[in-house]
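Note sheet for the following structure.
The values are calculated or read from the model by the stated rules, or taken from the named source; none is laboratory data. This is a predicted model, so every value here is computed, not measured. Every residue, glycine among them, receives a Cβ derived from its backbone with ideal geometry; neighbour counts consider all protein chains shown.
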Amino acid sequence: MCRIAVISYHTSPLAMPGTRHSGGLNVYVRTVTQELGRRGHCLDIFTRRTDPHSPQVQHLAPNVRLVQLAAGPLDAEKEDLYAYLPEFVRRLVAFADADGARYDLVHSHYWLSGWAGQVLKQRWGVPHVIMFHTLGEVKLRARPEEREHPHRLAAEREIAASADRVVCPSQGEKEALVRLYGVPSGRVHVVPCGVDTALFSPRDRVQARAQLGLAVDSPVVLFVGRLEPFKGLDLLLRAHARLSLPALLLIVGGDQRDEALRERLRNLARRLGTAERVTFLDAVPHERLPLYYGAADVCAVPSHYESFGLAALESMACGTPVVACRVGGLQEVVRDRVTGFLVPRSSPDQFAARLEQLLRDPSLRDSLGRRARLVALGYQWAQVAERVEAIYREVLGPRRLVTAHGGCR
């Protein structure tokens, strides 16, 4: 076994997916570390403290600890976190020294964590593995009006150039790293994300709707995710307004901090004349999401860019077909006309046409849903952890698996 320092600086794996800065990254870090812990490795996940009352160290699973470190104000905005990275790294090194922990490698998630990972690589003389989860350059090309941190693009390039290995969830992201960032192809490994197919499994639609208080006989289109402009909710609202069926659009995501954007979306629905058929719900605990996927006729993923598209895979695992934009990793997760439909980005007419096709044809919906479930069964988190472990073994070489022989704390 080996000892791994996992860096998730800007967001804790315990944060609820679908809120401000929490999503697939949080699910990935939490689940893959648990799987690696089951395989005998020792993992400490380092994140920035945001709750003054939570303990500094928590045991999340066998061989897995969460370590929260003070770095800047508790309520600091994501845009301000770059300035507090040196403080975070100092406290991380101090914790490791006091704990007597010697790490075999660092695995960081997102560019902010990658900055810390590079410093730790140099200080400790260990390999650094990075997973960006999203790439600033690709986001800006997909949606030029996006605002990015002024240091992000340069930092991503430096981190990508100097990391020992880069893990990415799709072939499309690998191609972007090679073409736009100049990373040698041999240092980039494609490892698709996974899904818990025991939790995310088909539900009885009538029972699911009864539990959620939804009408049994009304068509339901579901969106699950953060309320962010690049998620394409404006496109989805416009597509929904073009439906000839009186379908309910159920938007699950965000919290009270997103009320300004939610109000802008409500105003758009009012202008489109669909406000009475659009329902906004706060993000729900991850374990309750299968109920929502199971209640829906179709899941909509209208993103301008996704490095993978975990919501699409979760929906497929629940047997609910997906209509998604043909962008990023969604092109690899959703199989067009097999598990759902892919449509050109920024085309509400075509998005609406595919939604309507599924809503009007129960047999097509069921057929795509069954095949979606079968495809999703091929994406298991245990397989993800096995492939990540293989990358660790490759990058560690003959020095691998040496420092944790005494067991985990």
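Mind checking whether some residue in the stretch 201-211 is small (Gly, Ala, Ser), outside the structural domain of residue 353 (by TED's automatic domain parsing), free of Cβ contacts under 8 Å to residues at least 12 places away in the same chain and over 25 Å from residue 310 (Cβ atoms)? No, there is no match, as no residue in the stretch 201-211 is small (Gly, Ala, Ser), outside the structural domain of residue 353 (by TED's automatic domain parsing), free of Cβ contacts under 8 Å to residues at least 12 places away in the same chain and over 25 Å from residue 310 (Cβ atoms). Looking across the stretch 33-89 at every residue that is of a type in the set (Val, Ile, Thr) and surrounded by 15 or more Cβ atoms within 10 Å (Cβ to Cβ), the one that is farthest from residue 15 (Cα to Cα) is identified as 89. Here residue 173 clears all of (1) more than 27 Å from residue 34 (Cβ to Cβ); (2) in contact with a Phe, Trp or Tyr (Cβ under 9 Å, 6 or more places away or on another chain) except the condition numbered (1).
Scanning the stretch 16-49 for residues that are small (Gly, Ala, Ser) and not in a loop (DSSP other than H, G, I, E, B) gives 24, 37.
How about the stretch 191-221: which of its residues are aliphatic (A, V, I, L, M) and in contact with an Asp or Glu (Cβ under 6 Å, 6 or more places away or on another chain)?
Result: 195, 220.
Taking residues in the stretch 276-289 that are closer than 24 Å to residue 197 by Cβ, and partners anywhere that are aromatic (Phe, Trp, Tyr) and crowded, with 19+ Cβ neighbours inside 10 Å, the pairs with Cβ atoms closer than 9 Å and at least 6 places apart or on different chains are 284/292; 289/200. Scanning the stretch 160-194 for residues that are of a type in the set (Val, Ile, Thr) and in a helix (DSSP H, G or I) yields a total of 1. Condition test on residue 218, is it surrounded by fewer than 20 Cβ atoms within 10 Å (Cβ to Cβ) and not assigned by TED's automatic domain parsing to the domain that holds residue 160? For residue 218, the condition - surrounded by fewer than 20 Cβ atoms within 10 Å (Cβ to Cβ) and not assigned by TED's automatic domain parsing to the domain that holds residue 160 - is met. Part of a loop (DSSP other than H, G, I, E, B), under 18 Å from the mean Cα position of the chain (by Cα) and either hydroxyl-bearing (Ser, Thr, Tyr) or in the same structural domain as residue 395 (by TED's automatic domain parsing) (or both): which single residue out of 13, 52 fits that description? After ruling out the rest, the residue left standing is 13. For the stretch 305-321, does any single residue satisfy the condition of being charged (D, E, K, R) and either in a helix (DSSP H, G or I) or surrounded by fewer than 19 Cβ atoms within 10 Å (Cβ to Cβ) (or both)? Yes, the conditions are met somewhere in the stretch 305-321.
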